[in-house]
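Participant: Dumping the structure here so I can ask a few things about it.
The values are calculated or read from the model by the stated rules, or taken from the named source; none is laboratory data. Bear in mind the structure is a predicted one, so any value in this text is a computation, not a measurement. For neighbour counting, all protein chains shown are included, and Cβ atoms are generated from backbone atoms with ideal geometry for every residue, glycine included. For the accessible areas, the whole protein counts, side chains as well, though only heavy atoms, and no ligand, DNA or RNA atoms are used. Shrake-Rupley method; radii C 1.70, N 1.55, O 1.52, S 1.80 Å.
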Amino acid sequence: MAAFNELVFSGVQPTGNLHLGNYLGAIKRFVEMQARDAQCLYCVVDLHAITLWQDPAELKGQIREVTAAFLAAGIDPARSIVFNQSQVPQHAELAWIFNCVARLGWLNRMTQFKDKAGKDRENASVGLYAYPVLMAADILAYRATHVPVGEDQKQHLELTRDIAGKFNNDFSGSIAAHGHGEDFFPITEPLIGGPAARVMSLRDGTKKMSKSDPSDNSRINLTDDADAIAQKVRKAKTDPEPLPSEAAGLSGRPEADNLVGIFAALKDATRDEVLSDYGGAQFSVFKGALVELAVEKLAPLGAEMKRLIADPAHIDAVLADGAARAEAIAAPTLDAVKDIVGFVRKGPSLRSV
Ligand code: TYM
């Protein structure tokens with residue numbers, strides 16, 4: 001592997017209905033990371049997906065759809081490593097070791113588990129509870145320094161930092177004895193930001209845009225065609241006031257704030273820049289401009305995804321190549337972790353990775 005200054009890792013679940021929030025909050029930013037001096041790994045996290053029931057007849061298609069979205073958005077599989085999690089066994093292996101580092105009290109605080117498990121917590125899978133530990137393993141199997149995500153993943157990244165810190169601390173003697181520097185795992189930086197770190201539902205500006213919302217009108221799917229995009233934007237909930245002339249005027253107006261944020265992210269601008277053009281405009285005018293911009297940016301993406309999905313053999317080849325390159329980075333990390341923990345393993349013990 002060429003020497004890069006940074007190692008970027010992120011993941012997207014293949015649970016169907018990839019939407020504008022996934023694109024603006026995550027995938028579009030993954031593409032931008034490729035301009036940095038960084039090795040980027042982008043993972044289709046199928047092990048995470050099955051923490052909630054997935055129909056086996058659909059799952060392969062969903063994995064290929066996320067891969068297609070990565071490629072259609074501009075992730076270059078020659079420069080970045082694109083793969084699906086279940087092909088690289090080190091994720092699950094490190095997750096087990098981290099299950100023994102993370103504390104029950106830490107996981108009990110995870111708000112996403114509470115949201116996803118709902119009232120019937122006794123009936124949630126053990127995997128759903130341990131989900132954030134697997135996320136930490138995804139990131140730290142590569143000793144990633146930076147993780148671009150939407151705002152909803154902030155708490156999970158704090159847990160990743162806690163797990164890395166506790167591992168470094170609990171095993172500090174063994175880490176030193178095996179010739180590693182003081183901190184074996186980095187304290188990873190979350191990269192959360194931009195105007196669309198939290199894209200909200202088009203039907204309710206106080207709820208996150210989500211794959212699982214029963215109303216399809218609440219989200220723009222990446223495979224929506226121009227007509228569907230136009231119809232959903234025109235139907236989006238708004239308030240009766242014209243747009244303010246600066247971003248501060250959006251406070252207390254969640255739907256207006258969301259549409260301006262989406263416009264800004266699609267245009268690579270700030271909310272203030274958008275409002276300097278549209279301040280004082282009625283929503284009918286602004287929505288017309290938003291439809292035009294969204295169709296211009298998203299329709300070609302959706303069309304390219306469909307073209308790629310029609311050739312599953314190509315997608316599967318990209319994933320297999322990515323998995324081999326990912327494993328070449330993760331395997332030495334796991335060998336070192338096994339030495340540090342004190343396991344007997346195949347091959348000589350590593351002095352450094
Ligand atoms: P997932 O599949 O739910 O979402 C993928 C990415 O999309 C972002 N996102 C949003 N951003 C802005 N507005 C929204 N409404 C919105 N909805 C989703 C998410 O923040 C995420 O960045 N746990 C992760 C997957 C994962 C992961 C990892 C991420 C597994 N392992 C390691 C980073 C590093 C998730 O649920 O993604």
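Participant: Might you work out the accessible area of Arg345 for me, using a 1.4 Å probe with all protein chains in place, and round it to the nearest 10 Å²?
Facilitator: Around 50 Å² of this residue is reachable by solvent.
Participant: Could you calculate the contour length gain from Asp76 to Ser251, that is, 0.36 nm times the residue separation minus the distance between their Cα atoms, to one decimal place in nm?
Facilitator: 59.2 nm
Participant: Between the helical axis of 90-99 and the dominant principal axis of the chain, each derived from Cα atoms, what acute angle in degrees is found, rounded to the nearest 10?
Facilitator: So the inclination is approximately 80 degrees.
Participant: Separate question: Using 0.36 nm per residue, how much length does the chain from Glu241 to Asp227 gain when fully extended, once their Cα-Cα distance is taken away? Kindly include the intermediate steps, with their values, before the conclusion.
Facilitator: Values: separation 14, 0.36 × 14 = 5.04 nm, distance 2.66 nm.
Value of the extension gain: 2.4 nm.
Participant: In nanometres, what is the gap between the two model label sites at Ser215 and Glu158, each 7 Å from Cα along Cα-to-Cβ?
Facilitator: If labels sit at Ser215 and Glu158, their model points lie 3.0 nm apart.
Participant: Would you mind working out the accessible area per residue for the chain, using a 1.4 Å probe, and quoting it in Å²? Let's see the in-between values first.
Facilitator: On the way: 15790 Å² over 353 residues.
That works out to 45 Å² per residue.
Participant: Okay, next question. Compute the distance from the alpha-carbon center of the range 222-243 to that of the range 94-143, in whole Å.
Facilitator: If we compute the Cα centre of each part, the gap is 36 Å.
Participant: In the chain, if the dipole is taken from +1 on Lys/Arg beta carbons and -1 on Asp/Glu beta carbons about the Cα centre, which of Pro190, Met209, His156 is farthest to the positive end?
Facilitator: Farthest towards the positive pole: His156.
Participant: Something else: If I model a spin label as a point 7 Å beyond the Cα along the Cα-Cβ vector, how far apart are those points for Asp170 and Ala281 in nm?
Facilitator: For the pair Asp170/Ala281, the computed spacing is 5.4 nm.
Participant: Where is the GNM fluctuation largest for the chain (alpha-carbon springs, 10 angstrom cutoff): Gly25, Gly205, Gly342?
Facilitator: Gly342
Participant: While we're looking at this one, here's another question. What pairs in Lys119/Lys306; Lys114/Lys207; Lys207/Lys232; Lys166/Lys207; Lys207/Lys306; Lys28/Lys211 have C-alpha atoms more than 27 Å from each other?
Facilitator: Values: Lys119/Lys306 38 Å; Lys114/Lys207 16 Å; Lys207/Lys232 16 Å; Lys166/Lys207 34 Å; Lys207/Lys306 29 Å; Lys28/Lys211 17 Å.
Listed pairs above 27 Å: Lys119/Lys306; Lys166/Lys207; Lys207/Lys306.
Participant: Treating only the Cβ atoms of Lys and Arg (+1) and Asp and Glu (-1) as charged, compute the dipole magnitude of the range 85-137 about its Cα centre; round to the nearest 20 debye. Could the numbers behind the result be given before it?
Facilitator: Numbers: 6 positive and 4 negative charges, 46 e Å.
Dipole of the range 85-137, to the nearest 20 debye: 220 debye.
Participant: Additional query: Helix-only mean residue ellipticity at 222 nm, the chain, DSSP H runs n ≥ 4 weighted -39,500 (n - 2.57), per residue, nearest 500. What is it?
Facilitator: Values: 14 runs with 177 residues, N = 353.
The helix-only estimate for the chain comes to -16000 deg cm²/dmol at 222 nm.
Participant: I would also like to ask the following. Could you please put Val31, Val199 in sequence from largest to smallest accessible area, using a 1.4 Å probe?
Facilitator: On the way: Val31 35, Val199 10 Å².
Reading off the accessible areas and sorting them downward yields Val31, Val199.
Participant: Per the 1.4 Å probe, what fraction of the accessible area of the range 254-353, in percent, lies on carbon and sulfur atoms? Could the numbers behind the result be given before it?
Facilitator: Details: 2650 of 4750 Å².
Of all accessible area on the range 254-353, carbon and sulfur atoms account for 56 percent.
Participant: Which value in nm describes the separation of the simple spin-label points at Asp272 and Phe4, placed 7 Å from the Cα toward the beta carbon?
Facilitator: Roughly 3.2 nm, to one decimal.
Participant: Let me ask something additional. Put +1 on the Cβ of every Lys and Arg and -1 on every Asp and Glu Cβ in the chain; which of Ile50, Gly280, Phe9 then has its Cα farthest towards the positive end of the dipole?
Facilitator: Selected residue: Ile50.
Participant: Moving on. If you stretched the chain out fully between Ser125 and Asp183, how much longer would it get, using 0.36 nm times the residue separation minus the C-alpha to C-alpha distance?
Facilitator: Details: separation 58, 0.36 × 58 = 20.88 nm, distance 3.31 nm.
Separation in residues times 0.36 nm, less the Cα-Cα distance, equals 17.6 nm.
Participant: If you place +1 on the Cβ of every Lys and Arg, -1 on the Cβ of every Asp and Glu, and leave all else neutral, what size is the dipole of the chain about its Cα centre, to the nearest 20 Debye?
Facilitator: 560 debye
Participant: Treat every Asp and Glu Cβ in the range 238-353 as -1 and every Lys and Arg Cβ as +1, leave all other atoms uncharged, and give the resulting dipole magnitude about the Cα centre to the nearest 20 debye. Can you show the working numbers first?
Facilitator: Numbers: 12 positive and 18 negative charges, 154 e Å.
Magnitude of the dipole: close to 740 debye.
Participant: As I understand it, the dipole of the chain uses +1 on the Cβ of Lys and Arg and -1 on the Cβ of Asp and Glu, about the Cα centre. Which of Ala144, Val344, Gly21 lies farthest toward its positive end?
Facilitator: Projecting each Cα onto the dipole axis, the largest value belongs to Val344.
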